[in-house]
Amino acid sequence: MIFLRTLAAELLKLRRTLAFWMILIAPGVVILLNFFMFHERSAYYIKQNRPLWDALQKNSFVFWGILMLPLYLTLQTALLSALEHSEDRWRNLLAMPVPRWALYWAKLAIPCAMLLCSSAIMSFGTLLNGVVLRILKPELQFPAPLPWAAAWHDTWVASVTALLLLSVQHWVSLRFSSFAASASFGICATITGAILINSQKYGPWWPWCLPAQLMSAKPEAVAHALWYSAIGALVVAVLGTIEFWRREIRA
Amino acid sequence: MHDPVIETASLSRRFGDKLVVDDLSLTVPAGSVYGFLGPNGAGKTTTIRMLLGLLKPSGGNIHLFGRPSRDITLLSRIGALVEAPSLYPHLTGEENLRHACILKNVLKKDIARVLAIVGLENDGRRLVKTYSLGMKQRLGLAQALLGGPELVILDEPTNGLDPAGIQEMRHLLRDMPVTHGITVFLSSHLLGEVEQIASLIGIIAAGRCQFQGTPDELRARRKGWLRIGVDRPHIAVQMLSQQGFEATHDPAGHLTLPAADPSAAASINRLLVERGFAVHAISHEQPTLEEMFLHITQSL
C-alpha cells in the first residue's frame, strides 16, 4: 500500500517532463531511421533475399540494443534523479512519512515501466514500419501475417536484458547529484559495451552489452542474458536500497 | 506546562573532527512557538535535520511526542520546511500539494484548506516556476500544514522574504498554536523576528545551548548600568571608588557604573552633589535583547 502511494506520487511528478516524452521520442527516432533505411535502400534488401520481417526487426533492435537503449536509460535515470537533486529536494522528500525503501523502489519502478513502454513502442512501431513500407514500397513484398509473436518476444527480452544496466544506472544517478557525472558514467559504459559486444569473454558479462544479446542466434546466450540481468538487477537494487536507507542528507 | 513534543538529551553531531552540535538538550512543550536562535553556522540546521531523521546523531537522543524519533510514523504528525521550500517548478501549486498529500496519506480536499491559510487560494493552478519567492515560501508552509500536523518545524522560514512577506509569515506562525493547535519550532538567526512571535526561546552558539526559556526570562537576565553626566569625571571616579562603587568614565565626561541597580541612582546622585560635583544627567540603561543575543553568541 505504502509502495503504491509512493509510486503514485512519483508518477505525478512526471507531468510536463522531458523524461515522459522520451518514452516516445527514443524508440521513435530508431523507428524513423529504420523506415528511411528500408525506404531508400529497398533494392539492397530485395537483393539480399532474407526474410524481410526478420531483417527489419533485427535492424531496429541492433541499433536499439547496442546504442539507443543504454543511452536512453542513462538519460532517463539522470533526468528523473535530477528532479530531487535540483535545489536539494531530498531534504523535504525524505522528511515525509514514507520509508526510504519505498521511495527507492518507486523511483526504480518508473524507469522500468518506461523501459517496457519504449521497448513495446519499438517492437510494434517496427511492425507498423513494415505495414507502411508494404504500401509505399510494394516491391519489398512484406509477407502477410504480421509477426506478432516476435514483436512480443522482442519487447520483453529487450526489457529484461536491460534491467541490470538500468538498476546500476538508477543507483548511480541517485548517488551522485551531478547530472554530468551520471550521464558521463552511462555514456562511457555504453561505449565500452559497443567495444565489448563481440567479445565472447567479456561481452556476456558487461551489463551494457546484454540488450544486444536479443540478436543472438543462440538461445542459451539469450537465456544467460535474461537470467544474469534479472538476478543482477535485483542484487544491485537491494544493495542500492541499503545504501539509500543509510544515506544522510547533509546541508 | 504541556508535555514536550520535542525533547533532546545531550544531542551531539560530529562532521569529521568538527563538533557541530554539542550536548544539546532542548525541551519544546506542546502549544508553544519555540524560537531556535543562533548565528549562521551555530548548528541550527544540523539540529533540525537530526530531528527529521535526515542526519543521525553522533550521541544523545531525540524524543518526539514522547517516543524515540527513529519511528518513521512520527513524521506523519510533523510538517517541515527545511531551509528553502523544495517544490517542483514544473508542477502547479496544487499538484505540488497533491504530491505531498499522497505521501502523507492526506485527503485531497485538504489542499483548499491549506491554500486558504497561506493566502494562495487563487494561485493554486499556476505553475510554481511562475511564483515569487514569497509565494514559494508560503506554498512550502502550506505543504507543511497538510493533514493538520501537531508540530511544524521550520528552518529559517523568512529567508529571502521582503518585509511585507516577513510580516505575513509572522502573523501566520504566531496564531498557529491558538487557531490550529499546532506547536511551532522555528529556527532563525534574527532575534528581532523571533522575539515577536515566540513564547519560548532557545539560543544556540557553537553547537551548544546557551539559553532556554521565555523572552521575559531572557529580559530578566539583562543587567543594566547607570550613566551619569558630571563635571570633573576623573575625580568623581576616584571618589566613588573610595565609597565602594566601581565606575569608569568616557572622554565625553560620562560616568558608567556597570550592573548597578536603578534604585542606587538616588544615593549615588546625593553622594556626588554632597561632594560638590555638578550632576547634569543621570540615566539607567539596559542592553536590548538584540545586544544580549549578540553578547551571548559572540562571547564564545
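The values are calculated or read from the model by the stated rules, or taken from the named source; none is laboratory data. The structure displayed is predicted, hence computed values, not measured ones. Glycine gets a Cβ as well: all are built from the backbone with ideal geometry, and neighbour counts include every protein chain shown. SASA here: full protein model, heavy atoms, side chains in, ligands and nucleic acids out. Shrake-Rupley method; radii C 1.70, N 1.55, O 1.52, S 1.80 Å.
Relative contact order, whole percent, for segment B:4-220 stands at 31, derived from Cα pairs under 8 Å and 6 or more residues apart.
In µm²/s, what is D for segment A:1-104 at 20 °C and 1.002 mPa s, where D = kT/(6 pi eta Rh) by Stokes-Einstein and Rh is the Kirkwood radius from Cα pairs? Intermediate values should be presented prior to the final figure.
Numbers: Rh = 16.8 Å.
Answer from the Stokes-Einstein relation: 128 µm²/s.
Distance between the C-alpha centres of segment B:1-28 and segment A:109-156: 61 Å, rounded to the whole angstrom. Inter-chain Cβ neighbour count for A:93-102, averaged per residue, equals 6 (cutoff 10 Å, partner chain atoms only). Dividing the summed helix terms, -39500 (n - 2.57) for each DSSP H run of n ≥ 4, by the number of residues in the protein assembly as shown produces a 222 nm estimate of -16500 deg cm²/dmol to the nearest 500. What you get for chain A, charging only the Cβ of Lys and Arg (+1) and of Asp and Glu (-1), is a dipole of about 220 debye around the Cα centre. Most simply put, the protein assembly as shown has about 65% antiparallel DSSP beta bridges, counting only bridges with both residues inside it. Using C-alpha pairs below 8 Å separated by at least 6 residues, the relative contact order for chain A is 28 percent.
How much of the accessible area of segment A:85-240, in percent, comes from carbon and sulfur atoms when a 1.4 Å probe is used?
74
Overall dimensions of segment B:225-287, expressed as equivalent-ellipsoid semi-axes from the Cα gyration tensor (√(5λ), whole Å, largest first), are 15, 13, 11.
Run through the DSSP bridge list for segment B:4-220 and note the antiparallel percent, rounded to the nearest 5.
On the way: 20 of 38 bridges.
Restricted to segment B:4-220, the bridges split so that about 55 percent are antiparallel.
Roughly how big is the protein assembly as shown's charge dipole about its Cα centre, with Cβ charges of +1 (Lys, Arg) and -1 (Asp, Glu), in debye to the nearest 20?
That gives a dipole near 1740 debye.
Taking Cα atoms only, the orientation of helix A:163-175 departs from the longest principal axis of chain A by about 40 degrees. Backbone geometry of segment A:235-247 corresponds, through the Karplus equation with coefficients 6.51, -1.76 and 1.60 at θ = phi - 60°, to 3J(HN,Hα) couplings of 4, 4, 5, 5, 5, x, 4, 4, 5, 5, 4, 8, 5 Hz, x marking Gly and Pro. Based on protein heavy atoms only, segment A:2-246 ends up with 45 Å² per residue of surface accessible to a 1.4 Å probe. Overall, chain B carries a charge dipole of about 780 debye about its Cα centre when +1 sits on the Cβ of Lys and Arg and -1 on the Cβ of Asp and Glu, all other atoms neutral.
Highest GNM mean-square fluctuation among B:ALA278, B:ALA100, B:ALA206, for chain B modelled with Cα contacts below 10 Å: B:ALA278. The mean accessible area for residues of segment B:4-220, using a 1.4 Å probe and ignoring ligands and nucleic acids, is 38 Å² per residue.
With N the number of residues in segment B:18-131, Rg(Cα) / (2.2 N^0.38 Å) evaluates to 1.27. Calculated on C-alpha atoms, the gyration radius of segment A:2-246 divided by its Kirkwood radius gives an Rg/Rh of 1.02.
Length gain on complete extension for the stretch B:GLN167 to B:ALA266, per 0.36 nm per residue less the alpha carbon to alpha carbon distance?
31.4 nm
For A:ARG16, project a label point 7 Å along Cα to C-beta. Then give me every residue of segment B:130-161 with its amide nitrogen under 11 Å of that point. Zone members listed by number: B:130-131.
Debye sum, Cα scatterers, segment B:4-220, no solvent: what log₁₀ I/I(0) at q = 0.07, 0.10 1/Å? For segment B:4-220, the Cα-only Debye profile gives -0.20, -0.42.
Pairing chain A with chain B buries about 2900 Å² of accessible area. This figure sums both sides and uses a 1.4 Å probe. The ellipsoid equivalent to the alpha-carbon distribution of segment B:147-252 has semi-axes of 44, 16, 12 angstrom, derived from the gyration tensor eigenvalues as √(5λ) and listed largest first. Could you state the number of Å between the C-alpha centres of segment A:205-251 and segment B:108-153? Taking the Cα centre of segment A:205-251 as reference, the centre of segment B:108-153 is 41 Å away. Roughly how tilted is helix B:233-242, in degrees to the nearest 10 and between 0 and 90, from the longest Cα axis of chain B? Helix B:233-242 and the main axis of chain B meet at about 90 degrees.
Each 20 Å bin from zero holds the following percent of Cα-Cα pairs in the protein assembly as shown: 18, 36, 25, 13, 5, 2, 0.
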